[in-house]
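Reviewing the structure listed below.
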Amino acid sequence: MAQREREQREMETRERVAGETLSAAWPGLTDPAHDSQRLFRQILGAMSEPGTLETLAVPAPPQTPPSDALGAALWGVVLTLCDLETRVWIAADLDSSALRQALTFHTGARITDDPASADFALLTHESFDPQMPFALGSDTYPDRGTTLLVVVEQLANVGPSMLSGPGIETTRALDIGDSPGCRALMDRLAANRASFPQGLDMIFGCGARLAAVPRSTRVTRADAKEVN
């Protein structure tokens, strides 16, 4: 009996130390109750006013590849929105055993290798594939579509893309970069109009800054020619 109790205490000690080590490398929210509320309001604000830029004050993930690409903003989104009921798909260029362990440790989220079953997808503009079969939701349950959390080259309220629709008084410019992946992302968002209310919502991250473009937003080029 004493041996089993000793082994149990040793196992609990190892798990605690492992958790402390992981938390030091992949920090969680300093004050989970208040920080999660603050971050949720910022994320909700970004979604309700598409293209506006928010800066999230959260600890950054480890600054070593590939985790350094994720950035503080998207790590903050993950810590705020993911929970035990959440399924997360991770693109190969961000994936690592450390990130998977950190997601599970801090949020309890389940990692899936099936993009069609994911509630959230973590990826970069370089790994975005327009043919990836993310869930688009349905006419009855449009909220069941996958939300893409995408690392982009930059975030600025200038051209080449113009946003309009709910939450935007007239138009709002948004520039996420000019790489083929960034252009493909904006083209995919523009394609939401053809399938609305089905479609993809996207939250873009660049360092500590984020911007969101939900499926209800209309995307056009700076020359006013609609993207199809």
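The values are calculated or read from the model by the stated rules, or taken from the named source; none is laboratory data. What you are looking at is a predicted structure, and each value in this text was computed from that prediction instead of being measured. So basically every Cβ, Gly included, is an ideal-geometry build from the backbone, and we count neighbours across all protein chains shown.
Taking into account only those residues within the stretch 30-67 that are among the β-branched types (Val, Ile, Thr) and either under 15 Å from the mean Cα position of the chain (by Cα) or modelled with pLDDT of 95 or more (or both), which is nearest to ASN157 (Cα to Cα)?
If we filter the stretch 30-67 for residues that are among the β-branched types (Val, Ile, Thr), which is where we start, we get 30, 43, 52, 55, 58, 64.
From the residues that got through so far, the ones that are either under 15 Å from the mean Cα position of the chain (by Cα) or modelled with pLDDT of 95 or more (or both) too are 43, 52, 55, 58.
Details: ILE43: 17, THR52: 8, THR55: 14, VAL58: 23 Å.
Applying the filter and picking the extreme gives THR52.
Of all the numbered requirements in (1) without any contact (Cβ under 8 Å) to a residue 60 or more places away in the chain; (2) surrounded by 19 or more Cβ atoms within 10 Å (Cβ to Cβ); (3) charged (D, E, K, R), GLU54 misses one, and that requirement is (1).
Picking from LEU44, LEU79, which residue would you name as being crowded, with 19+ Cβ neighbours inside 10 Å, part of a helix (DSSP H, G or I) and of a type in the set (A, V, I, L, M)?
Among LEU44, LEU79, only LEU79 is crowded, with 19+ Cβ neighbours inside 10 Å, part of a helix (DSSP H, G or I) and of a type in the set (A, V, I, L, M).
Scoring SER164 on the criteria (1) surrounded by fewer than 22 Cβ atoms within 10 Å (Cβ to Cβ); (2) of a type outside the set (A, V, I, L, M, F, W, C); (3) touching a Lys or Arg at 6+ places or on another chain (Cβ under 6 Å); (4) modelled with pLDDT under 95 leaves a single failure, condition (4). Would you check which residues across the stretch 113-141 are at pLDDT 95 or above, surrounded by 17 or more Cβ atoms within 10 Å (Cβ to Cβ) and over 27 Å from GLU153 (Cβ atoms) and list them? The answer is none; no residue qualifies.
Out of the stretch 47-76, which residues are among the polar types (S, T, N, Q) and either part of a helix (DSSP H, G or I) or out of contact with any helix residue (DSSP H, G or I) (no Cβ under 8 Å at 6 or more places or on another chain) (or both)? Give the derivation first.
Of the residues in the stretch 47-76, the ones among the polar types (S, T, N, Q) are 48, 52, 55, 63-64, 67.
The answer is SER48, GLN63, THR64, SER67.
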